[in-house]
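As structure tokens, the structure follows; a few thoughts come after it.
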Amino acid sequence: MAIDINIPSQVAQTITNGVTGTAPSQDAVFDALQLKENTANKGIANGYAPLNSSTKIDSTYLPSYVDDVIEVANYAALPVTGETGKIYITINTGLIYRWSGSIYVQIGGQDPVWGAITGTLSNQTDLQNALDAKVPYTGAISDVNLGEFGLLTGNLEFDTTPTNIPTTAGSMVWNDTDGTLDLKLKGGNVTLQIGQEQVVRAVNKTATNITLLEANYQAVRVTGAQGQRLKVDLALATNDLLSAETIGLVTETIANNQEGFITISGLVRGVNTTGSLQSETWADGDIVYLSPTTAGNLTNVKPIAPNHTVIIGYVVHAHITQGTIFVKVDNGYELNELHNVLINGSLANNDALIYESSTHLWKNKVLNTINGSSLIGSGNIVTTYIRRHATNGTYDYLGFAPTGTAESTTTWTLTRLTLSNTGTSAVMHATNSWNNRVTATYI
């Protein structure tokens, strides 16, 4: 059934005010009004959310889970204090952060993607933080650890005025005093001046099982090998066995049956080189030899035969604590070690070294068999005859044999040199007529 509603004319005029055309009925107008929202309900509880100027609903009118992701232009644009439970994205890098309660923490292992950098570096907070985590180009204030990775470069330049001098094995630093690099060797006790010294790592195998002392800079010789290292013992200049294999000086303390470094060429430093350890007096420039009296010791007194002359090196700086010795071992040679000397069999008394032109060698010969004549024995030793031409004054060597063809006294005068086995000698001349050297009379 239809219900008639009588609307006063003032109300009807208000409803239809601004409406053009004819409404089909009052029911239609009422239905249209029912589809509209009361403006009094805009932006209030149980009302409706208004649109902003961008036709968007402000986050104020949205539930929190809708706005858990917040985008900002860059790291510097993040809120000073974030909110727990929200996700922050920096648009310029694409990195994602969360608020820890005190700082922004990057989520995941994403690599930063750098966009264009504008402004000063101090304003690029995200860039500065990344740079702080990298190896500094200059001005490092602590060691830079590259781990197990190598350093590949076209050249390597060292600071020539270093202030942080390393002390651990495997480290290297410029030594401006010697003009080279210092390399700390295994154990950290020995410093090698690269290009100026040579050392060898050897095993202490002294016969008396003693510790080789750096302070005593003892001279050692090679006695074999052990554990893929040379083994050494103290050297002594009394014979070839104890001196021929002298290799150098102890440059760090080496316990018995342990390994350590021996300097075979270059400087041994920081030792007493005044000679007081050897009860001698040493000076700069002195030659030091292997001692023939105390095994391992040095001396500035040159040994004489039968002791062996083994040069160990030179005193560079004579000082009680900061002395320096330059090591350059020269073992010398036995006569039979020379390249052009050949000793046949065993040497005997009265052997002489005679040059043999057919072999270009010096060989040992028994004196009493030279040219087949006996030179050693009782009586006189006739060594030679020399004749002089009476006219032109030339001399002619006639050999050792006392016989020969007759000589004309008008052409030649004869001289005989006689050596005695007692060491005396006599020069005699033929004064009368004679047929040969045997029958000539000499005065």
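The values are calculated or read from the model by the stated rules, or taken from the named source; none is laboratory data. Being a predicted model, the structure only gives us computed values, none of them experimental. Methodologically, a virtual Cβ is constructed for each residue, glycine included, from the backbone with ideal geometry; neighbour enumeration extends over all protein chains shown.
Filtering His308, His339 for residues that are at pLDDT 90 or above, assigned to a loop (DSSP other than H, G, I, E, B), surrounded by 15 or more Cβ atoms within 10 Å (Cβ to Cβ) and under 48 Å from the mean Cα position of the chain (by Cα) leaves a single hit, His308. Taken together, the residues in region 273-283 that are within 13 Å of His317 (Cβ to Cβ) and either assigned to a helix (DSSP H, G or I) or touching a strand residue (DSSP E or B) at 6+ places or on another chain (Cβ under 6 Å) (or both) amount to 2. Taking residues in region 147-172 that are without any contact (Cβ under 8 Å) to a residue 40 or more places away in the chain, and partners anywhere that are in a loop (DSSP other than H, G, I, E, B) and among the charged types (D, E, K, R), the pairs with Cβ atoms closer than 6 Å and at least 6 places apart or on different chains are Thr160/Asp176; Ala169/Lys186. Residue count for region 196-221 under the criterion of being surrounded by fewer than 19 Cβ atoms within 10 Å (Cβ to Cβ), within 24 Å of the chain's Cα centre (by Cα) and closer than 18 Å to Gly313 by Cα: the result is 4. Please determine whether any residue of region 71-94 is surrounded by 16 or more Cβ atoms within 10 Å (Cβ to Cβ) and in a helix (DSSP H, G or I). Yes, region 71-94 contains a residue that is surrounded by 16 or more Cβ atoms within 10 Å (Cβ to Cβ) and in a helix (DSSP H, G or I).
Give region 249-272 a look and list any residue that's part of a loop (DSSP other than H, G, I, E, B) and under 18 Å from the mean Cα position of the chain (by Cα), or say none.
Once the filter is applied, which keeps residues that are part of a loop (DSSP other than H, G, I, E, B) and under 18 Å from the mean Cα position of the chain (by Cα), region 249-272 yields Thr251, Glu252.
Selection of first residues in region 320-349 that are of a type in the set (D, E, K, R) and of second residues that are assigned to a loop (DSSP other than H, G, I, E, B) and surrounded by fewer than 15 Cβ atoms within 10 Å (Cβ to Cβ), restricted to Cβ pairs under 8 Å at least 6 apart or on distinct chains, gives an empty result.
If you check Gly296, Gly345 for being at pLDDT below 90 and outside any strand (DSSP E or B), only one passes: Gly345. If you check Asn175 against the conditions, is it surrounded by 12 or more Cβ atoms within 10 Å (Cβ to Cβ), under 15 Å from the mean Cα position of the chain (by Cα) and either at pLDDT below 80 or not assigned by TED's automatic domain parsing to the domain that holds Gly260 (or both)? Against the criterion (surrounded by 12 or more Cβ atoms within 10 Å (Cβ to Cβ), under 15 Å from the mean Cα position of the chain (by Cα) and either at pLDDT below 80 or not assigned by TED's automatic domain parsing to the domain that holds Gly260 (or both)), Asn175 qualifies.
For region 36-70, residues that are touching a strand residue (DSSP E or B) at 6+ places or on another chain (Cβ under 7 Å), assigned to a loop (DSSP other than H, G, I, E, B) and either farther than 30 Å from Gln106 by Cα or not assigned by TED's automatic domain parsing to the domain that holds Thr125 (or both) total 2.
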